[in-house]
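Beneath this line is the structure, given in structure tokens, with notes to follow.
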Amino acid sequence: MAKINYLAVAVAGVLYWILGAVWYGLFSERFVALMRWTPEDLARVQAQGSAKELALAFATSMLTAYVLAHFVRSAGARTGLDGALTGLGVFAGFVLTTNLATVIFEGRPAGLYLINMGYNLVALLLMGVLLAVWRRQEARVPAYQT
């Protein structure tokens, strides 16, 4: 049975978390507008701080990386393309589809969905690549070890 390389998983999780900060920083104005936050709402959110939310986002990033490593292992992905395709499959089959309900049933703006899904797509592609190609120096095998 193949083992998971926990260092690769940790790096992938941190990558996912940091990408979130960069992504939502790039799209912050559009995100705030789509959330329909007033300047007062935004000030209240900023005043409350975000330590709890950031910690939860970090934990979910780590869990996502860990689960994706299992998908990469199960797919036998050993190249960057294989890893990206595995990430794409996870994205299309689980993330894109299940989150569409927030647009359909909760009436959330489609633009908000696109910002969120863009982040998840890029993150899962990058993590898939990293987890497929990460090699332990002594073993030269992927992020999962046989």
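A few comments on the model shown:
- For the stretch 102-120, a residue qualifies if it is small (Gly, Ala, Ser) and over 13 Å from the mean Cα position of the chain (by Cα), and the qualifying residues are Gly107, Ala110, Gly111.
- Unique match (being in contact with a Pro (Cβ under 7 Å, 6 or more places away or on another chain) and at pLDDT 95 or above) among Ala92, Ala132, Ala75, Ala55: Ala132
- Restricting attention to the stretch 78-99, the residues that are of a type in the set (A, V, I, L, M) and either touching a strand residue (DSSP E or B) at 6+ places or on another chain (Cβ under 9 Å) or surrounded by fewer than 14 Cβ atoms within 10 Å (Cβ to Cβ) (or both) add up to 2.
- Qualifying residue in the stretch 17-29 (condition: in contact with a Ser or Thr (Cβ under 7 Å, 6 or more places away or on another chain) and either under 21 Å from Gly107 (Cα atoms) or touching a residue at least 24 places away in the same chain (Cβ under 8 Å) (or both)): yes
- Verdict on Gly107 being exposed (fewer than 14 other Cβ atoms within 10 Å of the Cβ), in contact (Cβ under 8 Å) with a residue 40 or more places away in the chain and more than 30 Å from Lys3 (Cβ to Cβ): no
- Qualifying position, being within 21 Å of Thr102 (Cβ to Cβ) and part of a helix (DSSP H, G or I), among Gly20, Gly25: Gly20
The values are calculated or read from the model by the stated rules, or taken from the named source; none is laboratory data. Bear in mind the structure is a predicted one, so any value in this text is a computation, not a measurement. For neighbour counting, all protein chains shown are included, and Cβ atoms are generated from backbone atoms with ideal geometry for every residue, glycine included.
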